[in-house]
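Data block below; observations after.
The values are calculated or read from the model by the stated rules, or taken from the named source; none is laboratory data. Note that the structure is predicted; figures quoted are calculated from it, not measured. Glycine also receives a Cβ, built like all others from the backbone with ideal geometry; neighbour counts cover every protein chain displayed. The protein model used for the area step is the full one, side chains on, heavy atoms only, and it has no ligands, DNA or RNA in it. Shrake-Rupley method; radii C 1.70, N 1.55, O 1.52, S 1.80 Å.
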Amino acid sequence: MAKESGQKDVLSLKSVIGFSGNVASGLHYTPCGRFVAFPLGSVVVLKALSSKKHFFLDAGIDKKVSCVAISKDGSYIATGHETPAAFKSEVVVWNLKKAIECISNDVLRSEDCIVHILTQHHKQVQALDFSVDGQYLTSLGGQDDNDLVVWDIGKGIAICGSPAANDLTRCVKWLNQRNDRFVTCGNCHLRVWQICFRTQKLHPVDVCMGSMRRIMQCLCISADDSFAFTGNKTGEVIKFNIERDDIKNFNEQEVHRPSLNCYNKERFSKGVRAVACVVNPTTGNTNVIAGSGD
């Protein structure tokens, strides 16, 4: 059909996925691009985009799912839970490849896909993320916990842990090219962490925020691990340089320290709720996509 003069291109609706969106960053594509996963109460729904078949990741835990993460190689999916009382909340690690096989065999749910049930945090698991090689998982406790734990997925045990910060921490993301570093952010702080596997300890370096005080509620890392971008409640996207030194002795001088780079002047309405780094295949430049509003 010919377009009238001045008429703009319009996106046509292809399909609709119904879920509340109350879980931050709750909708995930699998790396193969053929399935989506999203929380629904105490379970996670794995949906095939072509056949519309569903598979329910149900561990029999009667607690609402609070966060979801998928490993970059598509082997695992992890779910964090929350409880209304001050009890321990679980992190469940699932075999994603086996769950996809269940969809092909028309199986609706199966506890055989559970790899580990990990328990450490009180009341809520705030955020989860897998290392680039899928060997490690970082879990972050909620407001009443605020602890950071690194898990060995193969063994199902905690390697190390630490309080995430003095104030509330909201997000955690591993670097894209290293399996020993990740970044956390939250209320008025951003930290770049490195794991010492020999001593099983975490070593954080804080970014100097200067006079800026912002509540950062989402986080992404550039593909080359040079920069981190955070979305804030006040509507800005902040760019940080996250290069840091390797772990040093206390008397060695710092050469590289993470720093605040820049931020946008025009604010998005109702805050930035999601950010993502996308590399332009034509220019090779990193573009940042920001989602705002409620």
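When the residues of region 254-270 are narrowed to those that are outside any loop (DSSP other than H, G, I, E, B) and of a type outside the set (S, T, N, Q), which ends up surrounded by the most Cβ atoms within 10 Å (Cβ to Cβ)? Explain how you work it out, then say what you get.
Within region 254-270, the subset outside any loop (DSSP other than H, G, I, E, B) is 259-263.
From what's left, of a type outside the set (S, T, N, Q): 260, 262-263.
Details: Leu260: 15, Cys262: 11, Tyr263: 17.
That would be Tyr263.
Hey, can you tell me all the residues within region 142-157 that are open to solvent by less than 50 Å² (accessible area, probe 1.4 Å) and either in contact (Cβ under 8 Å) with a residue 24 or more places away in the chain or part of a loop (DSSP other than H, G, I, E, B) (or both)?
In the first step, residues of region 142-157 are kept if they are open to solvent by less than 50 Å² (accessible area, probe 1.4 Å); the result is 142, 145-146, 148-153, 156.
Within region 142-157, Gly142, Asp145, Asn146, Leu148, Val149, Val150, Trp151, Ile153, Gly156 meet the criteria.
So that you can scan it fast, the table gives a plain yes or no per residue for (1) at pLDDT below 90; (2) outside any loop (DSSP other than H, G, I, E, B); (3) out of contact with any Phe, Trp or Tyr (no Cβ under 6 Å at 6 or more places or on another chain); (4) among the acidic types (Asp, Glu):
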residue	(1), (2), (3), (4)
Thr230	no, yes, yes, no
Thr234	no, no, yes, no
Ala276	no, yes, yes, no
Gly284	yes, no, yes, no
Go through (1) β-branched (Val, Ile, Thr); (2) under 22 Å from Gln200 (Cβ atoms); (3) buried (at least 22 other Cβ atoms within 10 Å of the Cβ) for Val132 and report which single condition fails. (3)
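Right, Arg170: part of a strand (DSSP E or B), touching a strand residue (DSSP E or B) at 6+ places or on another chain (Cβ under 9 Å) and more than 25 Å from Asp245 (Cβ to Cβ) or not?
Here the answer is yes, as Arg170 does meet what is asked.
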Output the qualifying pairs, or none if there are none: Cβ atoms under 9 angstrom, residues six or more apart or on different chains, first residue in region 281-294 and under 27 Å from Gly21 (Cα atoms) and free of Cβ contacts under 8 Å to residues at least 40 places away in the same chain, second residue surrounded by fewer than 10 Cβ atoms within 10 Å (Cβ to Cβ) and not aliphatic (A, V, I, L, M). Asn287/Asn280; Gly293/Ser269
Collect the residues in region 256-294 that are farther than 20 Å from Leu175 by Cα and of a type in the set (A, V, I, L, M), keeping them in residue-number order. Val272
How do the pairs read when you match residues in region 189-208 that are of a type in the set (Asp, Glu) with residues anywhere that are surrounded by 13 or more Cβ atoms within 10 Å (Cβ to Cβ), using Cβ under 6 Å and keeping only pairs 6 or more apart or on different chains? Asp206/Arg191
All-but-one check, Arg273 against (1) farther than 25 Å from Trp193 by Cβ; (2) of a type outside the set (Gly, Ala, Ser); (3) open to solvent by 80 Å² or more (accessible area, probe 1.4 Å), failing number (1)
